[in-house]
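Report on one structure; see the data block that follows.
The values are calculated or read from the model by the stated rules, or taken from the named source; none is laboratory data. Quick caveat: nothing in here was measured; it's all calculated off a predicted structure. A quick note on method: Cβ atoms are made from the backbone with ideal geometry, for glycine too, and the neighbour counts reach across all protein chains shown. All accessible areas refer to the heavy atoms of the entire protein, side chains included, with ligands and DNA or RNA removed. Shrake-Rupley method; radii C 1.70, N 1.55, O 1.52, S 1.80 Å.
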Amino acid sequence: MKQTIFLHVGTHKTGTTAIQAYLHDHSKQLKARGVFFIQPRVTKGRGEEKEKISNPTLFAHHFLRPELLTSTMWRARKGGERFRERVEECTDWISDRLDSKRGTNHLLSTEALCYLRTEEEFQRVSKYFDELDYKVQPIIVFRNEKDWRESFDAQMAKSNYKDCYAVEPDPMRRVDSDWYYDTKSIVDFWSRFAEPAIISYDDEMEKRGTIIPSLIEAIGLDVATLETGPSLDKYFRNRRKTPAA
């Protein structure tokens, strides 16, 4: 019987950092309930030379079309061969995790997976998990497009991604373009694996003040059963300040 790999694919600016912090702090409780959280792990070097070779963002780039200029790919143009090596190191590490723990469901979270839209990318993801004998269960978090755009644009403005504007005029190769916000194309892509668990960031924030319980419910668990660890109130990350009216 195939085990499940839960893929939390973002989208950006929907509480992903808070979700990942919670999953990290509760990884032991999750594992005890049959879900292994694949998380970044520093394994090489010292200080600034440390490398997170199991960073799921690098894993996503194993499948991502190379012409797309994400902020990570912008750095890759500077890093060249070393970046490609890190992507493959990360993918090998995750493959080993999945292969050595076949009796356990897994959870992986990275917003970079929401960039995937093409047939070639679908075939790469499908082949990868088929060979490891895992079935994919996507989890997607959306928010209203106006706030999504404003928040993501603000993030991009703070990063070195703005440097690529001058060198990449093709909107289909840039993540600051309209295609990125096409929710139907995201759902259509991941629906080919299984019906996605779709979560409304806006509804959850209004109802519960946090996105975390709905994510845990999407993997078949309840935050109430993860009894130890910090309170949910701790998990607020990267909140963008809204100017006073």
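Matching residues to (1) in a helix (DSSP H, G or I); (2) modelled with pLDDT of 95 or more; (3) open to solvent by 20 Å² or more (accessible area, probe 1.4 Å):
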site: Leu7; (1), (2), (3): no, yes, no
site: Thr14; (1), (2), (3): no, yes, no
site: Gln20; (1), (2), (3): yes, no, yes
site: His24; (1), (2), (3): yes, no, yes
site: Ser54; (1), (2), (3): no, no, no
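Beta carbons closer than 9 Å, at least 6 apart along the sequence or on distinct chains, pair a first residue in region 100-128 that is farther than 13 Å from Ile38 by Cα with a second that is among the basic types (Lys, Arg) and buried (at least 21 other Cβ atoms within 10 Å of the Cβ) for Glu111/Lys13.
Only residues that are modelled with pLDDT of 85 or more and β-branched (Val, Ile, Thr) were counted across region 58-106, and they come to 4. Please determine whether any residue of region 100-122 is part of a helix (DSSP H, G or I), of a type outside the set (A, V, I, L, M, F, W, C) and farther than 15 Å from Phe189 by Cα. Yes: region 100-122 contains one or more residues that are part of a helix (DSSP H, G or I), of a type outside the set (A, V, I, L, M, F, W, C) and farther than 15 Å from Phe189 by Cα.
Mind checking whether some residue in region 149-170 is open to solvent by 10 Å² or more (accessible area, probe 1.4 Å), touching a strand residue (DSSP E or B) at 6+ places or on another chain (Cβ under 7 Å), over 29 Å from Asp96 (Cβ atoms) and not in a helix (DSSP H, G or I)? Scanning region 149-170, I find at least one residue that is open to solvent by 10 Å² or more (accessible area, probe 1.4 Å), touching a strand residue (DSSP E or B) at 6+ places or on another chain (Cβ under 7 Å), over 29 Å from Asp96 (Cβ atoms) and not in a helix (DSSP H, G or I), so the answer is yes. In region 139-166, the residues that are closer than 27 Å to Ala218 by Cα reach residues that are open to solvent by 30 Å² or more (accessible area, probe 1.4 Å) and at pLDDT below 80 with C-beta atoms within less than 6 angstrom, at least six apart or across chains, in these pairs: Ser151/Arg240.
Pairs linking a residue in region 186-209 that is aromatic (Phe, Trp, Tyr) to a residue that is open to solvent by 40 Å² or more (accessible area, probe 1.4 Å), with Cβ atoms under 6 Å and 6 or more positions apart or on different chains, are Phe189/Arg117; Tyr201/Arg143.
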